[in-house]
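Below is one structure, written out as structure tokens; comments come after it.
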Amino acid sequence: MAVSLVQEGDAFDYTPPMAVEAGSIVLFGGFVGVTSRPIAAGERGAVSIRGVYRFLKNVGTAFATVGARVFLTTWTGVVVPTNPGGTVALGKVFKAAVAADTTVDVMLCNQDDLTGT
């Protein structure tokens, strides 16, 4: 049987139960994605699961190592360098951020990309 491409893999289709704004974080199975456009409740839209995005971080926390794993705190949407619980694996630091910064640039990675690194 020949294999056929179903979807490129940089985004997935998502139908939210309530409206979401552009730039919203979406948790879906083992993926963390970001909406590039608003999606109305009950309407299908695209959620990016690849790319580099700027996320909030806590002032006082530095992200010095490019390529280091980072986690998303599910209840606040803030990126943290360790997994204290209540977080999901998000991706890898794309650009270092000093303690005084309020954001950090993160390359989204799916769970398989983050295994063992």
By count of other Cβ within 10 Å, fewest leading, how are Met18, Met107, Met1 ordered?
Met1, Met18, Met107
For Gly51, other-chain or 5+-apart residues with amide H closer than 5 Å (H placed, Pro excluded) are Leu108
In whole percent, what relative contact order does the chain give with Cα contacts below 8 Å and a gap of six or more residues?
23
If the chain between Ala2 and Thr76 were fully stretched, how many nm would it gain, using 0.36 nm times the residue separation less the Cα-Cα distance?
22.2 nm
Exposure proxy check: Val70, Val3 ranked by fewest other beta carbons within 10 Å?
Val3, Val70
Rounded to the nearest 500, the 222 nm mean residue ellipticity computed for the chain from DSSP H runs (n ≥ 4, each -39500 (n - 2.57)) alone is -500 deg cm²/dmol
Within the range 1-104, DSSP-loop trypsin sites (Lys or Arg not before Pro) with at most 10 other C-beta atoms within 10 Å are Arg44
Gyration tensor on Cα atoms of the range 52-114, a ≥ b ≥ c root eigenvalues, a/c under 1.5 rounded, else prolate if a/b beats b/c, else oblate, says oblate
Calc'd 3J(HN,Hα), the range 104-109, phi into Karplus 6.51 cos²θ - 1.76 cosθ + 1.60 (θ = phi - 60°), Hz, glycine/Pro = x, comes to 9, 8, 10, 8, 5, 9
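None of the figures in this text is laboratory data; all of them are computed from the coordinates on show. Worth saying up front: this structure is predicted, and the values here are computed from it rather than measured. Cβ: placed from backbone, ideal geometry, glycine included. Neighbour counts: every protein chain shown.
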